[in-house]
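Just below is one structure, and these are the notes that go with it.
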Amino acid sequence: MTTYTNASDALLDALTRMEVTRLGDVTEAEVMGSSGTYRVRLQGRSWTCSCPSAVYTARRTRPCKHAMALRILRDALPKTPRSATTDERK
């Protein structure tokens, strides 16, 4: 298990291990975590993640590090048309 000295290191690590899919206002990712692969989904300001931190703490007021990392990445990416395919965006 990786131990981080600060939250920014944990976020950077999560960002480097994501496979992201985006369609309209829904952004999804599979993230390689310390205990397996987690599924993260963002839609607007709402989020879900299958990591133990998100699953076992149902009353979280803040997103887990995987959802925060995906939100940072999503906000940095250019918006694509809802109907665009991968080939059309090249």
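Every number here is computed from the coordinates shown, using simple stated rules; none is lab data. None of the values given here were measured: they were computed from a predicted structure. Neighbour counts are summed over all protein chains in view; Cβ atoms, including those assigned to glycine, are modelled from backbone coordinates with ideal geometry.
Residues whose amide H falls under 5 Å from that of CYS64, counting only those 5 or more places apart or on a different chain, are absent, with hydrogens built in the peptide plane. For the stretch 25-67, applying the loop criterion from DSSP together with a ceiling of 15 other beta carbons within 10 Å to the trypsin sites (Lys or Arg not before Pro) yields ARG45, ARG59, ARG60. The fewest-to-most ranking of ARG17, ARG22 by surrounding Cβ atoms within 10 Å reads ARG17, ARG22. When Rg and the Kirkwood radius Rh are both evaluated on Cα atoms of the stretch 17-76, their ratio Rg/Rh stands at 0.93.
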